[in-house]
Amino acid sequence: GLRTLDDRIITNREIVDEVLIETDAAGIMEARPYTDDGGFSGTFRPAVVATLDDPDATEVTISELTTIDRTYVLDGGELGYVETTIDGEGYRRNDITIRDALGRVKEMRAFGQRPLMNKGYDTANRVENTFTHNYLGTITTTRYRDGLVKSETGDGAVNRFYEREIQSDGTVLETTYVGAEDSPMKIEVIRSIDGRTLSVTKPDPANPSQTVVTRYFHDAVGRIVRVETPGRADAMTDYDSVTGDLGVQGTDLDEDGNLAPLSQDPRAESSVFYEKDANDVWWQVQRRKSFVDDQGDSTAVVEESRRTLDTIDPVTWVTQADGSRYRVTQSTNATAHYVKQVIEQLDATDSVLSQRTRWSVAGRSAAETHTTGVGIVHYTVNAWCDLVEVEDPHAGVTRWEYDDSGRMWRTSLPDGRSLTYDFFAVSTLVEQVEERAADAAVPTRVTRYGYDAMGNRTDESSPYSTTDRDRGYRIRKTFNTMGQLASLKTYRASATLAGNTWSDDFDETTWTYDSATGLLTSKQDARGRETTYTYDSAGRVATRTWQRGAVTSYDYDGLGRLETMSYSGDGGVTPGVSYSYDRLGRVISTTDGTGERTTSYSLGETNPSEVLWSNDASTLHQGLSLTYDTSTPGRAGGWTLSQGSTDLAEVSYGYNAPSGTLQSVSLGGRSATYDWSQVVTGLPGSVSYSGSGIVGTRTPDPLGRLGSISWKGSAAGPIVSSHSYTHNDWGSRATAEKEDGGTWHYGYNARQEVTSAVKKDAADIALPGRSTEYAYDEIGNRLSHQERLLDGTWAET
């Protein structure tokens, strides 16, 4: 069968009465009628109900989809067409294209919106200008006689100017000036006559008045085989001489002109091949072999993916670099119209360590087992594959709504809050309104945004209450002509925050960039304190100088990995740091203020198997070793801290199957065991400790948040300690009640900053000396903190 982009398998394709009909392996049919010009006039899909084989036997409805393409209209000599899509529930979307009398595209817009794009033409029928960017800015494009772009200017984008020249050797020199026609940010690209890039010349980040050149070398068929980059070792690529697939790839760190297996060059071999097993089933095998050291294949790390080819329900085996193994099994049910995929993590004996199951309908996710192993997460999508609902067994239901242009305009959260969005033009978010539909008395919280002509978000006020507009944060950003952040202002004065006015009471941070390279050269805060930066020829930070004159210097190896950090100008109080790496890029030794330590790894692991500190008496952690249990690839088994032959501490982890969740943690003969039968805010509902017999239990509130936590001396014993929680309308904690009835009460301002905390007894009487109050400025800095003393007076602290 034909496999589609969304991984559906088409089992039947036929043309009936000029209609292309496709049916996938799950029995879902789509029809596409042909137009007179050979295109498709739309897509029609009947409604489908799929029944998943999960414990709830959930039914998933796929809406009927109808696309009416190119409904033509003629208005004032201009020909246009409207493309309208309607699903089975009457939900519709429209896209409109208007052409001039010569049939050229003049305007494109989404239904009910102002134009997405306007195009104008000069007398030579060249596109002369385009207005876009959600109507925030304008971009004007001019072209040479051959139609190639000459310039792109306007306030809607970074200005660019292009020059082209055919050189005496037949190559083409393309020069781009960024920002202005005489800009120092000048980029020269030389291409061959067939379009291959041969070199790129840019200003040198280490000395912007000079240039650096990156060169590309190709084989006889035009594939890149070597790249010479300033400040880095050459990157090299070789290809399979038969299939043309990627063969060997790496970096010539020793600069001998090749990627030898028995060297320190980071090197990987890739291959794709096909093989038949004993059951006459064909497999596609993709394999990548990475070399850890100079021992060749004996210590190479192998990553592999094997997939069956001649079955509708494929099986895939995956081996990752760390040795962890997965089996992915797919099954298709043409009667119930779903595809089921089971992902299993396996140990070395193929026993299942963890398992996840996913169901999809028409190429879209419909459900999957929860990561905790308790319950199933259900997904609902509309005919355009927009996610409209997620039902989580622990977190509740979240819903999304969309307008006719496909923009998400409302989010409904499990705790009863909703977020409503307003847009300018097509997709520029200008307002977010947060409210509780169930309680009109709760103030609505509003966040507003503003933008510059390039579409950069420049203004933000968030969040303020409709009943207290002066209590919102306000920030304003400016951007330079390159679109880079130039300044950030945070505003203080509350009296001028109402409406859309701005005050002169603000703190400002500024950023400065090099005009030739565009790299950040300095940052200055509101107090005038400045940090400056320099760079090497590869564009990496070389030095960072702080306000007080302390300098941090950075050095890198040929792969761009940080080798040393050294410090000066601080009186010599800060020790330097140095690193060394293996061929896989893993840190194998570190020297810093604590001394030297070496790190070892199991084959392919990215997490260490052992960290060993030097036995030198000057080393802070003399002779310590930290050994990790990596017997099960892909997850931690535990660790042991030793000094010499003496074990100081040993921790081991146990896991549940098939969820893979943490089951236990053991230390020194004691263990903590976790019960996931109930999940609260992603954590296990209870934990019990061996030896002491202590049991802790979490319970959720109706919205899935932490409602209480209690502790007992034994599973059947009385509660020794407990906390019960309530929340306000915005989800902030309102009260915390202890087992004796004593309760902390918390107060908040409109921004949900804590303004008070009062401890009361079981009779709801405030306790002496147990009250605190806080005050804040307009940008959230705490201005005061006072506590009520035992004699009833308040004291600032």
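No value in this document is a laboratory result; all are computed from the given coordinates. Just so it is clear, the model here is predicted, and its values are computed rather than measured. Counting neighbours? That spans all protein chains shown, and the Cβs are built from the backbone with ideal geometry, glycine included.
Here are some notes:
- Each residue, residue 532 and residue 219, gets one label point 7 Å from its Cα in the Cβ direction; the gap between the two is 4.9 nm.
- Modelled FRET efficiency - R0 30 Å, residue 505 with residue 774, Cβ distances, 0.05 increments: 0.85
- Over the C-alpha trace of the range 143-265, radius of gyration and Dmax come out as 18.1, 55 angstrom.
- Amide H contacts under 5 Å for residue 185: 178, restricted to partners 5 or more places along the chain or on a different chain, H placed in the peptide plane at 1.01 Å from N.
- Modelled this way, with points 7 Å down the Cα-to-C-beta line, the labels at residue 430 and residue 304 are 6.0 nm from one another.
- Exposure proxy ranking, count of Cβ atoms within 10 Å, fewest first, for 409, 359, 511: 409, 511, 359
- Potential lengthening of the chain between residue 784 and residue 399 amounts to 134.5 nm, from the contour at 0.36 nm per residue minus the alpha-carbon distance.
- Annotation: amide H-H contacts under 5 Å for residue 138 (H modelled 1.01 Å from N, sequence separation of 5 or more, or interchain): 155, 156.
- Karplus-derived 3J(HN,Hα), 6.51/-1.76/1.60, for each residue of the range 383-397, Hz, glycine and proline x: 5, 9, 6, 6, 6, 10, 7, 10, 10, 9, x, 10, 9, x, 10
- The phi torsions of the range 785-797, fed into the Karplus equation with coefficients 6.51, -1.76 and 1.60 and a -60° offset, translate into couplings of 9, 10, 10, 7, 7, 4, 7, x, 8, 9, 10, 6, 10 Hz, rounded to whole numbers, with Gly and Pro shown as x.
- Counting neighbouring Cβ atoms within 10 Å and putting the fewest first, the residues 387, 612 line up as 387, 612.
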